[in-house]
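The values are calculated or read from the model by the stated rules, or taken from the named source; none is laboratory data. Bear in mind the structure is a predicted one, so any value in this text is a computation, not a measurement. Neighbour counts are summed over all protein chains in view; Cβ atoms, including those assigned to glycine, are modelled from backbone coordinates with ideal geometry.
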Amino acid sequence: MITTSGLTKIYRSGGPRGRAITALDDVDLHVAEGEVYGVIGQSGAGKSSLIRCVNLLERPTSGTVTVAGQDLTALAGRGPRAGRELRAARSRIGMVFQHFNLLSSRTVQDNVELPLEILGLSGRERARKAAELLDLVGLGERARAYPAQLSGGQKQRVGIARALAAEPKVLLSDEATSALDPETTRSILGLLRDLNRQLGLTVLLITHEMDVVKSICDSAALMREGRIVESGTVTDLLATPGSELAAALFPVSGGGEDPERTVVDLTFQGDAAGRPVISRLARTYDIDVSILGAAVDTVAGRQVGRMRIELPGRYEDNVVPIGFLREQGLHVERAEHPGPDAPAAPPAGPAAPPVAALAKEETK
């Protein structure tokens, strides 16, 4: 539904001959039809530039953007203003903003009617459509209120209703929950997921909040310095050795300092999450198993978790118990801290200060 290929955006500070700032660097992204796709990263990673390039609010320096089979970059032309074909294509892409962008002088209903007015619908048709959308987002009784009379969550619901006015198949969300409190955030995320299912919407959202990815995303990508450094379905990422996103979504720590003991990280999903695998391991092999840390949650309707355990003995002495864990459907990865004589551990990927910082910020 959404594909970017070689997408690059370079800004110039101080005019055409000024210093070049690369916001997007050869970004390839594919969002499947009907999925909720999250792009996560720190400020300055390029997330906002990416989402604004998807609907050509920002013109890419190079590369292509295709939405619903239509190459938007081919419609951009050379002038600063969008042509008729690009405006028509944009009308099929809804956009939800971080700070709502509602017109304070218009009522809730008038704000929702605005894009329909631009599209040339009659007053009666605009009113009918706006009423339907406000009912859909749970604000039918607030149609005559003004934005100043609404809570932050209610304002965002109006923004979502307005984004759906032209019946788009794609909804873009630019940090839509970052200005909201946790309870309101959960409510808005639930609404986005419901709309995704009811209307068949494809949702691309950017965020710096791990809970957003954990709550509603089918797939996710990590951005850093204008590049996508990791992407995939959330369930696949959780089973990927060294995944930064998996470690940030389900952080576990502890142990690993004694080369005479083996520390491994376990990832379990679905049915495996409900089985007493660790107690079976201890009974079957008559060994003491120490649980150093664990994190369990529900992702995309499935129970998912990570656990760090410690087994007695060196890694090479625990091949059979580790094989048992894998036979139970768990993904097993050795925690980093090999001793001088220990065999090499599987590659754990690059260091992860950006995502670690995000996870730390989430717990504040």
Practice problem: Tell me, please, whether a residue that is under 26 Å from Ala89 (Cβ atoms), assigned to a strand (DSSP E or B) and of a type outside the set (Asp, Glu) can be found in region 184-193. | Solution: no
Quiz item: Restricting attention to region 40-51, does a residue exist that is outside any loop (DSSP other than H, G, I, E, B), farther than 25 Å from Glu230 by Cα and in contact (Cβ under 8 Å) with a residue 12 or more places away in the chain?
Solution: no
Self-check item: Cross-chain or 6+ apart pairs with Cβ under 6 Å, region 237-249 first and within 11 Å of Ala295 (Cβ to Cβ), then among the basic types (Lys, Arg)
Solution: Leu249/Lys214
Quiz item: Out of (1) assigned to a loop (DSSP other than H, G, I, E, B); (2) modelled with pLDDT of 50 or more, the odd one out for Gln303 is which?
Solution: (1)
Quiz item: If you check Val229 against the conditions, is it of a type outside the set (Lys, Arg), part of a strand (DSSP E or B) and modelled with pLDDT of 85 or more?
Solution: yes
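If I filter region 265-286 down to residues being under 27 Å from the mean Cα position of the chain (by Cα) and surrounded by 13 or more Cβ atoms within 10 Å (Cβ to Cβ), which single residue comes out as nearest to Ala335 (Cα to Cα)? First the steps, then the outcome.
Here is the first cut: in region 265-286, the ones under 27 Å from the mean Cα position of the chain (by Cα) are 265-274.
Retained after the next criterion (residues that are surrounded by 13 or more Cβ atoms within 10 Å (Cβ to Cβ)): 265-269, 272-273.
Numbers: Asp265: 6, Leu266: 10, Thr267: 12, Phe268: 16, Gln269: 19, Ala272: 21, Ala273: 20 Å.
This residue is Asp265.
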Quiz item: In the set Ala282, Ala295, which member is over 29 Å from Ala221 (Cα atoms) and either without any contact (Cβ under 8 Å) to a residue 40 or more places away in the chain or part of a strand (DSSP E or B) (or both)?
Solution: Ala282
Quiz item: Taking region 159-183 as the region of interest, how many residues are in contact with a Gly (Cβ under 9 Å, 6 or more places away or on another chain) and assigned to a helix (DSSP H, G or I)?
Solution: 4
Quiz item: Which members of region 209-235 meet the condition of being farther than 19 Å from Met1 by Cβ and either among the charged types (D, E, K, R) or surrounded by fewer than 19 Cβ atoms within 10 Å (Cβ to Cβ) (or both)?
Solution: Glu209, Asp211, Lys214, Arg224, Glu225, Arg227, Val229, Glu230, Thr235
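Can you say whether Val320 is closer than 25 Å to Glu209 by Cα, among the β-branched types (Val, Ile, Thr) and either assigned to a loop (DSSP other than H, G, I, E, B) or at pLDDT 70 or above (or both), as far as the supplied structure shows?
No, not satisfied.
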Quiz prompt | Qualifying residue in region 62-85 (condition: small (Gly, Ala, Ser), assigned to a strand (DSSP E or B), surrounded by 14 or more Cβ atoms within 10 Å (Cβ to Cβ) and in contact (Cβ under 8 Å) with a residue 60 or more places away in the chain) | solution = no
Quiz item: Residue check: is Leu7 at pLDDT 90 or above and in a strand (DSSP E or B)?
Solution: yes
